[in-house]
Amino acid sequence: MTSSEFASNSDNYCYRHPDRQSFVLCQRCMRTICPECQTQAAVGVICPECMKAERQNRTPAQKRAQRRWGGRSTAIAAPVRSGKPVVTYALLAITSFIGLVQLIPGVGDQLDNTLWFAAPYLYPNLNGGIFEPWRLLTALFVHGGFIHLALNMLALWMLGQSLEPMLGRARYLALYLISGLGGSVMVAVLAPTTATVGASGAVFGLMAALLIIGRHIGANVTGILVVLGINFAFGFFVGGIAWQAHLGGAIVGAAVAFILTRTRKRSQRVWQILLLAAVVAVLLVVVAFVPPLILLS
């Protein structure tokens, strides 16, 4: 039951619709707004007036990005209705859960042995008949310790906030998985006897994709270029890091982003799918024939 004190306080009603009670505040101006006046934003909900002001204050680069990526006819994908990076959250949840299971004595070791990637698992004639191709992707979900997991998940969360709403859920997931596949393939080609775990290849693919897309829309990409370079160089100076996965993920992520930026129109949807499938096919052909030659040499 609403008290007389509550009813007499105008702060408990939408400032645009004084007859509607609400308990939600605009995260910009902190005024009360009803569901009709709420617009989902990265920090919560904002009111129509603050949304209008935010749009007026956008930089030229942000306006170009909106025209190229947010338009209904030319965007890579239809805008995500909820505005939330659902795929990113799902990847974070799944990977973090597996990371917690890895901490369980005995069970964690068994999980590692089941999911990590090493090239010999792909060639039955070289390892006594074992053929486990799923390891090319399952390695993305296991990590070599809490710090390894935390750093990759932090990077995934930060990159996903920008990329998933821009690309759409399906394309973003394709970018992540194909980049991760590229990382595993590069490990198989350059270090075929090395076992590897971690989402680093996919994360480097996301960074490279953000670089390509940012360059395409005319944004300043110096920052992401520096971060990408520093992280890649770091793998050469610290032991136990599969820099091959970083290299493969970055190259494939850049290739996928290039395809997405050139096939944004609805009329190009079939070409987009075919080109992405071609990238996957090339990776599978390379991993099927190149590492065995190295292992037998």
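For region 219-289, which whole-number percentage of the solvent-accessible area (1.4 Å probe, protein heavy atoms only) is attributable to carbon and sulfur atoms?
Whole-percent figure for carbon plus sulfur exposure: 76.
Using the Karplus curve 6.51 cos²θ - 1.76 cosθ + 1.60 with θ = phi - 60°, what ³J(HN,Hα) values do you get for each residue of region 147-160, in whole Hz, with x for Gly and Pro?
Computed from phi, the couplings for region 147-160 are 4, 4, 4, 4, 5, 5, 5, 5, 5, 4, 4, 5, 6, x Hz.
Show me, for region 265-282, the HN-Hα J-couplings you get by feeding each phi into the Karplus relation (A = 6.51, B = -1.76, C = 1.60, θ = phi - 60°), rounded to Hz, glycine and proline as x.
Once θ is set to phi - 60°, the couplings for region 265-282 become 6, 4, 5, 9, 4, 5, 5, 4, 5, 5, 5, 5, 5, 5, 4, 4, 4, 4 Hz.
Run the simple label-point estimate for PHE232 and VAL290 please: 7 Å along Cα→C-beta, distance reported in nm.
1.6 nm
Once you treat every alpha carbon in region 203-297 as an equal point and sum by Debye, what is log10 I(q)/I(0) at q = 0.19 Å⁻¹?
-0.98
Could you give each residue of region 187-202 its phi-based ³J(HN,Hα) in whole Hz, using Karplus coefficients 6.51, -1.76, 1.60 with θ = phi - 60°, and x for Gly or Pro?
Whole-Hz 3J(HN,Hα) from phi for region 187-202: 4, 4, 7, 8, 9, x, 9, 9, 8, 9, 9, x, 8, 4, x, 5.
The values are calculated or read from the model by the stated rules, or taken from the named source; none is laboratory data. Every value quoted in this text rests on a predicted model; they were computed, and no experiment measured them. Note that we place each Cβ from the backbone using ideal geometry, even for glycine, and neighbour counts take in every protein chain shown. Accessible surface areas use protein heavy atoms only, side chains included; no ligands, DNA or RNA. Shrake-Rupley method; radii C 1.70, N 1.55, O 1.52, S 1.80 Å.
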